[in-house]
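Structure first, commentary second.
Taken together, the values in this text are just the output of simple stated rules run on the coordinates, not laboratory data. Just so we're clear, the structure is a prediction, and the values are computed from it rather than from any experiment. Cβ placement follows ideal geometry from the backbone for every residue including glycine, while neighbour counts extend to all protein chains displayed.
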């Protein structure tokens, strides 16, 4: 398993290294600077691309795997660029009881990505949350910061259609009938 | 540091043993032929990892058992390595480890030299989880290195390979990543180990289980 990260041009890679370098210059080369650095780099770039992680590791003189270990440990850090639309599937207790996992599966199937990943066209990113505090609406999916109520798999298709995103099964049927 | 460390005398399992002051109980015991189950302990580490939670011992005057790898010896200390309270903790820890271990001794190349088999014998408990439901990790096996195979499903996360990897390879290829049940020994970006590895196979020597094993026909002294 490797980081499911979209391909980047050399220009983009250099830009990432340059921007990370700018942030790094404000920090001392101490291990304890790692998390504040990661937070600032992420708020600048939206995520933590591998070039940024290796640049940070070099600066702090820690193994790159240690930076990766911290990034994968904390939920606040993301390895993928944020999509245009964010999909947050609630898996809190109430949503769990109401089949939040089924909803999550529907999103995974439709978007063809796993939680904490972004679609290759950078339209959607998928993640889970523990509770968004509106349990009467369970199962909840927060779409672009707006909680959607009773999100069953059919509603997943509805939300995607509203975004003009063609629903996959129909595509498949079309291609099969051709 | 020029002054010689003084030695202290203590009692362990009714036997009087001597150890250099400052030594941890675990090493004092092992040096005197008393085996205490352990997986993560390494002598050259400045601080004990204390991660495997197996080396429980009872010390007279203490209410609860303590991990032998973190407790320095003291003069007149009376230690019991086979107390029921200590063994109970060690067994539970061991059973929890084995509940997510891809057990396949007959086909495992660590069979016979596996620390887990030794510990099961000492603790008098089965390698197969009985009390806990088995929950396997189902991670892919990494065959990318020319010398060794890495099977994360047999890993106990003791961190010994990570430590030796850092000593041999300046930058360190192996490390911990992910969280909770997903936690595993891996490389940067979860890439195959073959990529940046120097193939010193020190990690294989350090591995107490069958997670890191030499490939058929390769010896631990081989260097690619």
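Treating only the Cα positions of segment A:10-73 as identical point scatterers, give the base-10 log of I(q)/I(0) from the Debye formula at each q in 0.21 Å⁻¹.
With one equal scatterer per Cα and no solvent, log10 I(q)/I(0) is -0.74.
Arrange the following residues from fewest to most other Cβ atoms within 10 Å of their Cβ: B:131, A:110. Don't skip to the answer; put the middle values down first.
On the way: B:131 11, A:110 21.
In order of increasing Cβ crowding within 10 Å: B:131, A:110.
Pairs of alpha-carbon atoms within less than 8 angstrom and 6+ residues apart define the contacts here; what relative contact order does chain A have, in percent?
Details: 241 pairs, mean separation 30.9, N = 178.
After rounding, I find 17 percent.
Can you show me the helix-derived [θ] at 222 nm for chain A, built from DSSP H runs with n ≥ 4 at -39,500 (n - 2.57) apiece and divided by the number of residues, rounded to the nearest 500. Don't skip to the answer; put the middle values down first.
Numbers: 8 runs with 85 residues, N = 178.
Calculated mean residue ellipticity at 222 nm is -14500 deg cm²/dmol.
For chain B, what does -39500 (n - 2.57) per DSSP helix run (n ≥ 4), summed and divided by total residues, give at 222 nm, in deg cm²/dmol to the nearest 500?
Values: 5 runs with 46 residues, N = 224.
Mean residue ellipticity, 222 nm, calculated: -6000 deg cm²/dmol.
Over segment B:1-136, consider all pairs of different Cα atoms and compute the Kirkwood hydrodynamic radius from their mean reciprocal separation; express it in Å, one decimal.
Details: mean 1/r = 0.0625 Å⁻¹.
Mean inverse Cα-Cα distance, inverted, gives 16.0 Å.
What translational diffusion coefficient, to the nearest whole µm²/s, does segment A:97-147 have by Stokes-Einstein, given a Kirkwood radius computed over alpha-carbon pairs, a temperature of 20 °C and 1.002 mPa s viscosity?
184
Binned at 10 Å from 0, what are the whole-percent values of the Cα-Cα distance distribution for the protein assembly as shown, short to long?
4, 17, 22, 24, 19, 9, 3, 1, 0
In segment A:85-177, what percentage of the DSSP-assigned beta bridges are antiparallel, given to the nearest 5?
Details: 8 of 14 bridges.
About 55 percent, rounded to the nearest 5.
Just checking the output field for B:178-185: average partner chain Cβ neighbours within 10 Å of each residue's Cβ?
Numbers: counts 5, 5, 1, 0, 2, 3, 2, 1.
If you average over the peptide's residues, the count of other-chain Cβ atoms is 2.
Take peptide B:169-175, look around each residue's Cβ out to 10 angstrom, count Cβ atoms belonging to other protein chains, and average those counts.
On the way: counts 1, 2, 7, 6, 3, 2, 8.
Going residue by residue through B:169-175 and averaging, the value is 4.
Would you list A:27, B:176 from fewest to most Cβ contacts within 10 Å?
Numbers: A:27 16, B:176 19.
The fewest-first ordering by Cβ neighbours comes to A:27, B:176.
Please give the helix A:168-177 orientation as an angle from the longest Cα principal axis of chain A, in degrees from 0 to 90, rounded to the nearest 10.
Roughly 70 degrees between the two axes.
So how tilted is helix B:84-99 from the main axis of chain B? Cα-based, degrees 0 to 90, rounded to 10.
Computed tilt is about 0 degrees.
Within a 10 angstrom radius of the beta carbon, how do A:160, B:25, B:103 rank from fewest other beta carbons to most? Walk me through the intermediate numbers first.
On the way: A:160 22, B:25 27, B:103 18.
In increasing order of surrounding Cβ atoms, one gets B:103, A:160, B:25.
If packing is taken as the average count of other Cβ atoms within 10 Å, what order do A:112-125, B:105-118 fall into, highest mean first? Spell out each step's value before the answer.
Values: A:112-125: 16.9, B:105-118: 14.8.
Going by the mean number of other Cβ atoms within 10 Å, highest first, we get A:112-125, B:105-118.
Take the alpha carbon atoms of segment A:121-161, find their center, do the same for segment B:100-132, and report the distance between the two centers in whole angstrom.
Rounded to whole Å, the Cα centres lie 44 Å apart.
Under the classification rounded if a/c is under 1.5, otherwise prolate if a/b is larger than b/c and oblate if not, where does segment A:85-177 fall, given a ≥ b ≥ c as square roots of the Cα gyration tensor eigenvalues?
Working: a/c = 2.04, a/b = 1.68, b/c = 1.21.
Prolate.
State the extension gain, in nm to one decimal, for the chain segment bounded by residue A:102 and residue A:144, taking 0.36 nm per residue of separation less the distance between their alpha-carbons. Write down the numbers at each step before the final one.
Details: separation 42, 0.36 × 42 = 15.12 nm, distance 2.02 nm.
Result for the pair: 13.1 nm of gain on full extension.
How shielded is A:65-76 by partner chains, expressed as the average number of their Cβ atoms within 10 Å of its Cβ atoms? List each step's numbers first, then the result.
Numbers: counts 18, 7, 3, 10, 9, 2, 2, 10, 7, 1, 1, 0.
Mean number of neighbouring Cβ atoms from other chains: 6.
Looking at segment B:137-224 from every direction and averaging, what is the projected area of its Cα convex hull in nm²? Please report the intermediate quantities before stating the final value.
Values: hull surface 20.9 nm².
Answer in nm², one decimal: 5.2.
Please determine, in degrees from 0 to 90 and to the nearest 10, the orientation of helix A:153-162 with respect to the longest principal axis defined by the Cα atoms of chain A, where the helix direction is its Cα long axis.
For helix A:153-162, the angle is close to 70 degrees.
For segment B:1-63 and segment A:45-64, what is the separation of their C-alpha centers, rounded to whole Å?
39
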